[in-house]
There are 2 protein chains.
Amino acid sequence: MTSQTLSDFARATSVTPTSESTFAADLDGSWKVAGAINGGYLLGVMGRALSETVPDLPDPLVISAYYLGPGDAGPAEVAVRTVRTGRSSATLGAELTQDGRPTMTALATYGSLGGLPGDVATSASPPDLPAPEDCMPMADGPREFLDAAPIVSQYDMRLDPATAGFAAGKPSGRGLLQGWIRLGDGADADPLALLAFLDAFPPVMFDLGRFGWSPTMELTAHVRALPAPGWIAVKVETRNIAGGMFEEDCELWDSTGRLVAQSRQLARQPRS
Amino acid sequence: MTSQTLSDFARATSVTPTSESTFAADLDGSWKVAGAINGGYLLGVMGRALSETVPDLPDPLVISAYYLGPGDAGPAEVAVRTVRTGRSSATLGAELTQDGRPTMTALATYGSLGGLPGDVATSASPPDLPAPEDCMPMADGPREFLDAAPIVSQYDMRLDPATAGFAAGKPSGRGLLQGWIRLGDGADADPLALLAFLDAFPPVMFDLGRFGWSPTMELTAHVRALPAPGWIAVKVETRNIAGGMFEEDCELWDSTGRLVAQSRQLARQPRS
């Protein structure tokens with residue numbers, strides 16, 4: 001792939017090896033939300049460093065990220081270690097730091113999604129959604145929302161009107177957001193972009209009328225298949241809100257109706 | 001707690017410090033299933049070493065374990081490192097090895113479940129289950145099943161007859177198992193026992209007629225509250241079976257109807 005055809009996402013998450021086990025990254029401030037670099041974007045950066053560490057097993061099968069402090073625009077270092085390598089998968093660890101401050105740490109198992117068996121016996125169903133053109137572009141949101149969340153412009157995100165009540169001050173209270181996502185420049189998603197998509201939608205607490213920042217403590221993502229070109233359907237929900245925390249589950253479905261990625265995160269409830 | 005009142009589980013998962021950052025454990029062969037030490041029990045051992053590392057923050061809030069090779073009965077070492085410590089939580093890493101062979105590696109955030117805010121706005125509902133005395137004790141299973149799974153005798157596990165069809169050669173095909181669990185000696189569960197409970201039931205693939213071994217690649221557990229005394233209700237399901245792998249979600253509900261723990265694992269489909 002030449003640099004001309006790199007997606008904005010691939011460029012913004014690119015890493016440069018600085019030793020056998022370290023990479024330099026430059027966190028892009030246009031992927032911020034509420035003053036901090038978005039956790040899904042950070043997962044993309046870390047995911048790329050891991051991918052480049054095991055180029056024959058380039059795809060995340062599962063990655064668990066623990067968020068330690070807010071990321072800021074500017075230089076970052078990703079240190080990678082190999083825990084175990086096998087023929088069809090490798091387990092790795094990684095730390096992302098800025099000026100020596102830990103931002104996130106992760107464990108992951110990588111493999112080759114293209115080389116997996118072809119069986120599909122998934123019993124889950126994709127979300128029932130209006131077509132993207134009948135959903136609400138987040139980029140049409142109020143100016144103050146977009147100013148606080150420049151990341152919105154990096155994606156083309158469309159909210160199902162049935163779960164967009166929060167935008168009109170009428171959250172449903174169900175704890176459910178769904179819609180569509182693709183990269184803002186129209187590039188098709190690869191497995192690393194799926195990692196970012198899993199934490200791109202607004203926090204599901206918005207649908208419960210809780211609009212403050214919901215810092216992610218931990219997010220584990222399963223990437224289950226190479227996504228087909230086109231829009232990705234997104235379903236985000238929470239079912240366990242207690243003790244100052246909540247769990248948030250996200251599913252990503254590709255244009256062929258395949259469940260290509262799932263995540264669950266544990267986050268702190270917003271203060272407001 | 002005196003040694004007389006230690007539960008069998010506490011005794012079997014006990015660890016002894018051997019340095020500032022290492023613990024010795026003795027893996028108990030009576031927690032085996034299909035020839036390997038059960039992953040939930042291993043999580044209990046690792047969870048205890050982490051708990052003893054940060055005694056003021058003794059409870060797992062979230063732990064992500066990557067399974068690297070089968071555990072065997074006998075000595076093991078748990079090496080722990082502190083990634084970040086705060087006032088109300090600490091993030092740690094750990095490796096469990098036997099004779100230098102890696103068995104599992106994990107990241108975790110610990111805290112104090114007793115010190116969390118008291119809010120509960122959980123929207124999920126506990127599974128609809130007959131009373132424990134109207135469910136099927138797994139310990140009454142066929143001799144060959146019990147011989148292959150000595151762990152069954154370490155717990156009192158009761159299967160909801162509505163999801164026990166597999167035991168009569170009639171799996172439902174839904175990918176759902178539910179029932180009750182408590183420690184075999186009648187001791188009440190603590191947060192470390194919850195970790196073990198999350199991977200104690202038979203693999204959910206049994207309900208799809210797939211009875212081979214389903215090796216766990218990764219399991220992330222959220223422990224959300226101190227469990228009340230008494231039986232714990234268990235719900236295990238899978239919704240995404242594809243590419244030679246499947247995800248398995250487990251929920252644990254205490255006797256007050258509180259969702260006290262959740263896990264999701266990614267596992268390889270059994271060969272048979």
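Scan the stretch A:197-204 and tell me whether some residue there is in a helix (DSSP H, G or I) and within 14 Å of chain B (Cβ to nearest Cβ). The answer is yes; a qualifying residue exists. From the list A:Ser64, A:Ser14, A:Ser19, the one residue that fits, being modelled with pLDDT of 95 or more and closer than 30 Å to B:Thr216 by Cβ, is A:Ser64. Among all residues of the stretch A:143-152, there is none that is away from chain B (no Cβ under 14 Å), touching an Asp or Glu at 6+ places or on another chain (Cβ under 7 Å) and surrounded by fewer than 24 Cβ atoms within 10 Å (Cβ to Cβ). Taking the criterion of being modelled with pLDDT under 95 and more than 14 Å from the chain's Cα centre (by Cα), would at least one residue in the stretch B:150-163 satisfy it? Scanning the stretch B:150-163 turns up at least one residue that is modelled with pLDDT under 95 and more than 14 Å from the chain's Cα centre (by Cα).
Here is a yes/no grid of residues against (1) over 16 Å from A:Ser64 (Cα atoms); (2) in a helix (DSSP H, G or I); (3) aromatic (Phe, Trp, Tyr); (4) more than 10 Å from chain B (Cβ to nearest Cβ):
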| residue | (1), (2), (3), (4) |
| --- | --- |
| A:Leu92 | no, no, no, no |
| A:Glu95 | no, no, no, no |
| A:Tyr110 | no, no, yes, yes |
| A:Gly114 | yes, yes, no, yes |
| A:Pro117 | yes, no, no, no |
| A:Thr122 | yes, no, no, no |
| A:Ser125 | yes, no, no, no |
| A:Leu129 | yes, no, no, yes |
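Across the stretch B:235-250, the qualifying residues are those that are touching a Leu at 6+ places or on another chain (Cβ under 6 Å) and within 20 Å of B:Asp160 (Cβ to Cβ), and the one among them that is nearest to the other protein chains (Cβ to nearest Cβ) is B:Glu237.
Restricting B:Phe201, B:Phe166 to those that are aromatic (Phe, Trp, Tyr) and modelled with pLDDT under 95 reduces the list to B:Phe166. Among the residues making up the stretch B:188-226, those that are under 29 Å from B:Pro117 (Cβ atoms) and over 14 Å from the mean Cα position of the chain (by Cα) are B:Asp188, B:Arg224, B:Ala225, B:Leu226.
Consider the stretch B:97-108 and keep the residues that are facing chain A (nearest Cβ under 8 Å) and without any contact (Cβ under 8 Å) to a residue 60 or more places away in the chain. The one that is surrounded by the most Cβ atoms within 10 Å (Cβ to Cβ) is B:Leu107. Please go through the stretch A:40-74 and give me each residue that is in contact with a Gly (Cβ under 8 Å, 6 or more places away or on another chain), among the aliphatic types (A, V, I, L, M) and touching a residue at least 60 places away in the same chain (Cβ under 8 Å), ordered by number. Across the stretch A:40-74, the qualifying residues are A:Leu42, A:Leu61, A:Ile63, A:Ala65. Pairing each residue of the stretch A:249-272 that is at pLDDT below 95 with any residue that is not hydrophobic (A, V, I, L, M, F, W, C), provided the two are 6+ apart or on different chains, yields C-beta distances under 7 Å for A:Pro270/A:Arg210; A:Pro270/A:Gly212; A:Pro270/A:Ser214; A:Arg271/A:Gly212; A:Ser272/A:Arg210; A:Ser272/A:Gly212. For the stretch B:98-108, give me each residue that is over 19 Å from the mean Cα position of the chain (by Cα) and either assigned to a strand (DSSP E or B) or closer than 18 Å to A:Val62 by Cβ (or both). Selection gives B:Gln98, B:Arg101, B:Pro102. Residues that are in a helix (DSSP H, G or I), within 15 Å of B:Asp128 (Cβ to Cβ) and not small (Gly, Ala, Ser) within the stretch B:139-180 comprise B:Pro161, B:Thr163, listed in sequence order. When you look at A:Leu208, is it surrounded by 22 or more Cβ atoms within 10 Å (Cβ to Cβ), out of contact with any helix residue (DSSP H, G or I) (no Cβ under 6 Å at 6 or more places or on another chain), free of Cβ contacts under 8 Å to residues at least 60 places away in the same chain and among the aliphatic types (A, V, I, L, M), yes or no? It is true that A:Leu208 is surrounded by 22 or more Cβ atoms within 10 Å (Cβ to Cβ), out of contact with any helix residue (DSSP H, G or I) (no Cβ under 6 Å at 6 or more places or on another chain), free of Cβ contacts under 8 Å to residues at least 60 places away in the same chain and among the aliphatic types (A, V, I, L, M).
Residue count for the stretch A:39-90 under the criterion of being in a loop (DSSP other than H, G, I, E, B), under 21 Å from B:Thr109 (Cβ atoms) and within 14 Å of another protein chain (Cβ to nearest Cβ): the result is 3.
Condition first: facing chain A (nearest Cβ under 10 Å) and small (Gly, Ala, Ser). Now tell me which residues in the stretch B:222-234 satisfy that. Scanning the stretch B:222-234 gives a single hit, B:Ala225.
The values are calculated or read from the model by the stated rules, or taken from the named source; none is laboratory data. Every value quoted in this text rests on a predicted model; they were computed, and no experiment measured them. Note that each Cβ is placed from the backbone with ideal geometry, even for glycine, and that neighbours are counted across all protein chains shown.
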